[in-house]
1. What does the C-alpha gyration tensor say about the overall shape of region 195-295? Classify as rounded when a/c is under 1.5, otherwise prolate if a/b is larger than b/c, or oblate.
2. Could you provide, to the nearest whole Å², the per residue accessible area of region 52-145 with probe 1.4 Å?
3. Give me the Å³ per residue figure for the convex hull around the C-alpha atoms of region 91-237.
4. Taking only protein heavy atoms into account and a 1.4 Å probe, give the accessible area per residue of region 314-372 in Å².
5. So how far apart, in nm, are the two label points at Leu425 and Asn186 if each is 7 Å from Cα heading toward Cβ?
6. What pairs in Lys371/Lys427; Lys272/Lys371; Lys289/Lys319; Lys127/Lys272; Lys371/Lys406; Lys319/Lys371 have C-alpha atoms more than 25 Å from each other?
7. So how many Å³ per residue does the convex hull of the Cα atoms of region 251-368 work out to?
8. Ignoring ligands, DNA and RNA, please state the percent of accessible area on region 39-114 from carbon and sulfur, probe 1.4 Å.
Amino acid sequence: MKTRVISQYLILAILSFLLFQTACNKEPETIGLDLIDENKLGVYDTVFSIVGYSAIDDSVRTDELSNSLLGSLQTEDFGLTNASFYSHLRLSQTSPDFGDDPQADSAILSLVYSGHYGYINTPHTVKVYEVMQDIYKDSSYYSNTHFSLGPPTTELANFSFTPNPSDSIMQEDSTYITAELRIPLNDTFISKMIYPDDDSVYSSSENFLSYFKGIYVVVDSVTSPNVGSILYFNLLNSRSNVTLYYGDSLSFEYSINSNCATVSNYQHNYSKSLNQNFIEQIIIGDTLKGSENLYLQGLAGIETRFSFPSLSGWVGTNKYAINEARLIIPAVEPLEELTAPGQLILFEYDENGDIQFLDDQIEGDNYFGGKFDEASNSYEFRITLYIQSILNGTPDYGLALYTSGKSINANQIVLYGTEPENATLPKMYLNVIYTLLE
């Protein structure tokens with residue numbers, strides 16, 4: 001009995017090896033197709049082409065995010081991206097006593113770093129303005145939201161700096177804490193804080209928010225490619241706040257905490273791109289250019305859409321059971337400063353053009369995939385259930401591909417297209433292993 005089992009496994013191994021050797025000498029589109037009459041196991045391997053293109057993504061919700069982003073970044077492929085944010089300030093305590101004739105020394109806006117993306121050695125000039133419009137904590141706001149500000153000439157801060165997100169700060173007890181950006185606020189802010197209209201301003205946080213509705217933090221745009229960075233800040237860190245120093249050694253803190261409304265704003269200028277394929281595809285809208293390259297970018301940037309018209313000959317035939325379908329997405333090797341998104345996310349469109357989860361995603365991340373493989377500079381998704389549903393007659397409304405965490409991650413990536421003119425380049429494709437039922 002053992003001998004018979006071993007022999008069966010040996011035969012299967014030999015057949016698998018011969019099939020692999022044959023497939024390696026063929027174009028991907030023909031693998032397995034000429035073996036249908038000879039392959040006694042009934043399992044085959046083939047590749048389908050894809051039609052795809054990239055387009056500008058919709059705005060994303062950006063209120064009360066885990067990180068608030070600030071910066072300006074310009075790259076050769078994606079042009080210019082700017083990130084800024086609005087935030088409440090709340091009282092750390094009500095009815096502070098500044099004294100009869102308070103004399104303020106300084107005020108500092110501290111922002112604790114939580115990461116960065118881009119060319120970190122580029123200097124930035126940050127500016128802070130007073131918000132003149134109510135921001136509501138229980139409302140939804142998006143990446144294209146703007147609030148009215150005080151007069152443009154009335155800055156609360158104008159400060160130039162070079163980011164140092166990796167420089168930890170040593171404490172008196174020799175322990176280290178995360179680096180922070182410290183922005184000096186000017187006399188306009190100090191006067192508004194220490195000389196309010198009346199004492200009731202400080203009687204409650206609600207009264208204070210009516211008096212001072214918040215701050216807007218923004219940097220000047222960079223002006224050339226391959227410079228700039230997007231900085232990530234954790235506003236919920238207790239050290240992210242405004243501290244007013246007065247008297248000889250006194251201070252008062254204006255908090256940024258979970259009760260504060262925060263809203264991030266993202267702006268892109270794709271006309272700054274130096275990539276002609278990108279300009280024709282994204283700005284002009286030539287979807288055929290997706291055959292050469294495709295693009296993804298976070299912060300309400302760029303998405304990629306694709307479908308599988310080459311499957312049409314199999315649809316409704318009831319001849320094919322899909323054992324496995326893998327979507328292979330090769331990427332152009334990114335620059336060191338512009339790291340690839342660590343994870344992509346994939347959705348399907350429904351008949352109304354809305355995105356929905358794929359059934360394959362329910363199987364879990366390890367099954368579904370989407371992580372960046374540094375060794376091959378590629379991503380891979382397993383979409384077996386989705387492809388089988390198409391063959392069973394479900395309309396193929398297409399798929400949508402995004403960077404993961406696109407509300408808070410600035411990462412961008414250039415992908416190889418669906419059919420590059422240079423046949424030696426990698427391309428996006430669908431690899432299918434199937435069983436022939438007839």
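The values are calculated or read from the model by the stated rules, or taken from the named source; none is laboratory data. Just so we're clear, the structure is a prediction, and the values are computed from it rather than from any experiment. Counting neighbours? That spans all protein chains shown, and the Cβs are built from the backbone with ideal geometry, glycine included. For accessibility, only protein heavy atoms count, side chains too; no ligands or nucleic acids. Shrake-Rupley method; radii C 1.70, N 1.55, O 1.52, S 1.80 Å.
1. Values: a/c = 3.58, a/b = 2.89, b/c = 1.24.
It comes out prolate by the Cα gyration axes.
2. 40
3. Once divided by residue count, the hull of region 91-237 is 159 Å³.
4. In whole numbers, region 314-372 has 55 Å² accessible per residue.
5. 4.9
6. Lys272/Lys371; Lys289/Lys319; Lys319/Lys371
7. Numbers: hull volume 29.2 nm³, N = 118.
So the per-residue Cα hull volume is 247 Å³.
8. Here carbon and sulfur together make up 41 percent of the probe-accessible area.
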